[in-house]
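Presented below is the structure to which this report refers.
Computed from the coordinates by the stated procedures, all read-outs in this text should not be read as laboratory data. Predicted, not measured: the structure shown is a model, and the values here were computed from it. Every residue, glycine among them, receives a Cβ derived from its backbone with ideal geometry; neighbour counts consider all protein chains shown.
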Amino acid sequence: MQSLSYLAGVSIETFNNITKSRAIAILKNGELFGLPTETVYGLGGDATNPNAIAKIFALKNRPQFNPLISHVCDFEMANEYGVFDETARALAIAFWPAPLTIVVSRRDNGVCDLACAGLDTIALRVPRHAMAREIIKEFGKPIAAPSANISGHISPTSARHVLDEFGQELLIIDGGECEIGLESTVVSAIDSEITILRHGAISAEDIVNATGIKPKIANLHDENSPKSPGMSLRHYSPNAPLFMNCDKKNDLEVLIGFGDTLGDFNLSPNANLIEAAANLYKFLREADSQCPKAIKIAPIPNIGIGIAINDRLSRAIAKSA
Ligand code: TXA
Ligand code: MG
């Protein structure tokens, strides 16, 4: 039996030639499906079909000024839709396939305006997850896929999370638990400058090591700094109020620990930041499902992928901008 879900109308399916063909048929029909990637699950649709893209915005309740990432199977496909100068190309060659999204100038070549929120730039990513690449390759066109969660909520790191999020008829390809567990690093690479727009598993240090170029960090308060429209919003939030840098909790609260700060859940008893990133959204969802008065999180060292973890936590706490 293929379907792992016992709920009527919803299907979590294992990946094989039959489910791949179903996903392609869904894409050609302008419908959506749950796409596994190594970062988080995406809500995938044909990036060139404005009707499909409109459905993504509607289903997620996402503001239309917030553009989507177009997922491509390799650099050649990326190059059809975006203009890669030497710097952007160096990044792509060094990292892809990877949890790295590169924003470049857009070619007027098929990805619809709505997917790019009318900007003259486009965000492109070659995912590392082999199933994702295989589906894109077979489809032959970019798949627009935001994280498969209601806008502002916690991103899904398993097929089950996607089902919990949308609870309606949707094919979800089960690619297992996401290896990274945090959304991709987003960088803009235009006019030979690299700016990190969103922190992720690929760090500034990784970028320096691979390209010799020190990236800037987007500055929300500087008019001239490149920015990511999505980063000015409150994001990644559980329902319960969230507090960072805690080492204890009160009654009816949940403590998510790290290392020696044990907690009700522990992101990584050995204080491994990569393991902590992979567990973060799962534990936030589990903690939230207990309807606690508050979710408290132990201090996370602000190095490596810990920078991305702290970035997501601080956005989950922030008031809407
Ligand atoms: O890991 C990921 O990136 C996941 C998986 C599914 O690939 N996707 C994801 O998509 O996180 P989403 O839509 O949740 O976040 C995309 C981010 C948003 O902050 C958006 O504003 C930014 O990328 N973005 C998209 N196009 C952009 C552009 N042209 N310029 C600047 N930022 C852009
Ligand atoms: Mg998202």
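When shorter helices are ignored and each DSSP H run of at least 4 residues is given -39500 (n - 2.57), the per-residue value for the chain at 222 nm works out to -9000 deg cm²/dmol. Per residue, the average separation of C-alpha pairs within less than 8 Å and at least 6 apart gives segment 266-321 a relative contact order of 30 percent. Length available on full extension from Ser225 to Cys291: 0.36 nm per residue minus the Cα-Cα distance, which gives 19.8 nm.
Using C-alpha pairs below 8 Å separated by at least 6 residues, the relative contact order for the chain is 19 percent. Extents of the chain, taken as max minus min of Cα coordinates on every principal axis and listed largest first, are 56, 51, 33 Å. Judged by the mean number of other Cβ atoms found within 10 Å, the most tightly packed of the peptides 224-230, 135-141 leads the ranking 135-141, 224-230.
For the pair Lys28 and Asn302 in one chain, pulling the backbone fully straight at 0.36 nm per residue adds 94.3 nm over the alpha carbon distance.
In a shell of Cβ-Cβ distance under 13 Å around Cys291, excluding Cys291 itself, what net charge do Lys and Arg (+1) and Asp and Glu (-1) give? Present the calculation step by step, with values, prior to reporting the outcome.
On the way: positive: Arg285, Lys293; negative: Glu253, Glu286, Asp288.
Result for the neighbourhood of Cys291: -1.
Taking a straight Cα-Cα cut-off under 21 Å and skipping sequence neighbours fewer than 8 places away in the same chain, the lysines within cross-link reach of Lys282 are Lys60, Lys248, Lys249, Lys293, Lys296. Summing Lys and Arg as +1 and Asp and Glu as -1 over all other residues whose Cβ lies under 10 Å from the Cβ of Leu43 gives a net charge of +2.
Grab the other residues whose beta carbon is less than 10 angstrom from that of Leu233, score K and R as +1, D and E as -1, and report the net. Around Leu233, the surrounding residues sum to +3.
Rounded to the nearest 5, the antiparallel percentage of DSSP beta bridges internal to the chain is 50%.
Put a dot 7 Å past the Cα of Ala58, heading toward its Cβ, do the same for Asn109, and the two dots end up 3.1 nm apart. One quarter of the surface of the convex hull around the alpha-carbon atoms of segment 192-321 equals 8.6 nm², the direction-averaged projected area.
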